[in-house]
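The values are calculated or read from the model by the stated rules, or taken from the named source; none is laboratory data. Just so you know, these numbers come straight off a predicted model, no measurement behind them. Here the Cβ positions follow ideal geometry from the backbone for every residue, glycine too, while neighbour counts run over all protein chains shown. The protein model used for the area step is the full one, side chains on, heavy atoms only, and it has no ligands, DNA or RNA in it. Shrake-Rupley method; radii C 1.70, N 1.55, O 1.52, S 1.80 Å.
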Amino acid sequence: ANTAIATQPAIGALGKSIESSFHSASGPAFSMGIKMGVAPATFDGLVGNLGVLLNDAGLTDFSPDRNGLGLNNILYIAFLLEEFRRRNDAGEVAGSLLLFEEPEAHLHPELQDSLYGALVASGAQTLLTTHSTHICAKAPLSSYIVLTKGTGSSSVCVPGESGGLTKRESGDIERYLNATRSRMLMARGVLLVEGTAEAFVVPALASAHGFDLDRLGIAVVPIHGTHFGQYTKLFGDTAMRRRCAVLADADLESEPGDLEDVPVDSADNPHKALDTKWVRTFVCRTTFERAVTTADTLSMISAAMMEIGAPRVQAKVDALIEYFENDDFEADEADAALFSIQASVLSQANRVKKGRFAQILSQYANKSLALPQYIDDAIKYLVNP
């Protein structure tokens, strides 16, 4: 009797249509076979109703209650999409609107991507709320409506329209917002940096000195360049009402005695024009690797030099540490020695590649005695509005 019911054309066709919708939502990597049928002829099965049975490489005709929540969510959405398709095909609706609250719940990142693609392809207008950076990375910038929690109220903006972005800038940002960088849409504060080196070292140094940027809701976002302007347009009175700090290099000439990590004056700040009520720029004198080499970070630098196999530079660093421990050191001699070490650190970073050097340097951040000044200023600007 069960077999006769399962082979009825209407039941078979229903199972196939649900299977097709499920495959579309899950994508081929996570798909399973689906059919409609009656539970096995046990007592528990006989008291059940007509249900969905699943198949994969390990099990045949199993109930969804043996599945994880993620795939069952996809199965549920597949039912809804199939219902929408049938109603539309039958001409029973004037239009379709799908509303989803956080469709990423319990979903593998690749499943999130596949589900978003299925929703776009459904032909129905879709409104979804999400905290998923994976979904944000897939969606066009023009589709974002961003809510920002404020004191006593929340603000809302459409950053693709309200920030004054040109069409070209919007296109650049859309291509840029991959899963990691789209964190800037979710964060309480955003620290824009030039590249990978800052993205490795700054969070590690901040954590070593009491600033857990993740817990503070601050995203460190490398833009891999110095074109900060289009990104800072996302923050403002008519855009996202949250603070953004820019951490950059001035690429100026330097000489012994110059304080590499102290923010340069306005006249030497190439990004000063970006400063607004919601955006502040913090610029070191020359370049990042020199700026993080200060009297307070020499122990960190020494450990990194030992790991990358630079014994001569390490010896110079250790000698300067010992020299600073003497109360009668000469300031001019110390400045000259530090200036030489800063040049050596930059040279070694170039030798092993800056990203790799920064990765090594970050693991010794707890050996530093204080944050470089311009980094400290940027973080405090974001932490203390």
(Q) Once R0 is set to 30 Å, what does the formula 1/(1 + (r/R0)^6) return for the Cβ-Cβ distance between residue 147 and residue 207, expressed as a FRET efficiency to the nearest 0.05? (A) 0.60
Q | For the chain: span of alpha carbons on each principal axis (Å, largest first) | A | 98, 45, 37
Q.
Cut-off under 16 Å on the C-alpha distance; same-chain residues fewer than 8 positions from residue 35 excluded. Which lysines are left, in chain and number order?
A. 16
Q | Selection from 124, 338, 74, by position along the positive dipole direction of the chain (Cβ) | A | 124
Q | Accessible area per residue in Å² at 1.4 Å probe, computed on the range 112-268 | A | 48 Å²
Q) Considering only DSSP beta bridges whose two residues both sit in the chain, what percent are antiparallel, to the nearest 5? A) 30 percent
Q. For residue 366, what is the net charge nearby, where nearby means another residue's Cβ is under 15 Å from its Cβ and Lys, Arg count +1, Asp, Glu -1?
A. -2
Q | Carbon and sulfur %, accessible surface of the range 232-320 computed with the full protein complex present, 1.4 Å | A | 48 percent
Q: Select from the chain the helices, each a whole stretch of DSSP H, whose alpha-carbon atoms run 27 Å or more along the helix axis and whose Kyte-Doolittle mean is at least -0.5; answer none if there are none.
A: 69-89, 331-352
**Q.** Within-12-Å neighbourhood charge of residue 142 [Cβ basis; K, R +1; D, E -1]
**A.** -1
(Q) Which of rounded, prolate or oblate describes the range 303-385 when judged by the alpha-carbon gyration tensor and an a/c cut-off of 1.5? (A) oblate
**Q.** Burial order of peptide ranges 241-251, 69-79 (average beta-carbon count within 10 Å, highest first)
**A.** 241-251, 69-79
Q: With only Lys, Arg, Asp and Glu charged, each at its Cβ (+1 for the first two, -1 for the last two), find how big the charge dipole of the range 224-290 is about the Cα centre; round to the nearest 20 debye.
A: 740 debye
Q | Which of 207, 177, 263, positive extreme of dipole for the chain (C-beta unit charges) | A | 177
Q | Which of 294, 4, 358, positive extreme of dipole for the chain (C-beta unit charges) | A | 4
Q. Quick one: if the Förster radius is 56 Å, what FRET efficiency do residue 315 and residue 127 give, using the C-beta to C-beta distance and rounding to 0.05?
A. 0.35
**Q.** About the Cα centre, charge dipole magnitude for the chain (Lys/Arg +1, Asp/Glu -1 at Cβ), debye
**A.** 1740 debye
Q | Extension gain from residue 336 to residue 69, taking 0.36 nm per residue of separation minus the Cα-Cα distance | A | 89.8 nm
Q) Among residues other than residue 128 whose Cβ falls under 13 Å from its Cβ, what is the net charge (Lys/Arg +1, Asp/Glu -1)? A) -2
Q. Could you give the dipole magnitude of the range 281-385 about its Cα centre, charging the beta-carbon of Lys and Arg +1 and that of Asp and Glu -1, in debye to the nearest 20?
A. 900 debye
(Q) Quick check: pseudo-label points 7 Å beyond the Cα along Cα→Cβ at residue 296 and residue 86, how many nm apart are they? (A) 6.7 nm
**Q.** Hydrodynamic radius by Kirkwood, which averages 1/r over all alpha carbon pairs of the range 243-385, in angstrom
**A.** 15.9 Å
Q. Residue 316: which lysines have alpha carbons under 27 Å from its alpha carbon, excluding same-chain residues fewer than 8 sequence positions away?
A. 353, 354, 367
Q: Sticking with the crude label model, points 7 Å out along Cα→Cβ, report the distance from residue 272 to residue 255 in nm, one decimal please.
A: 2.2 nm
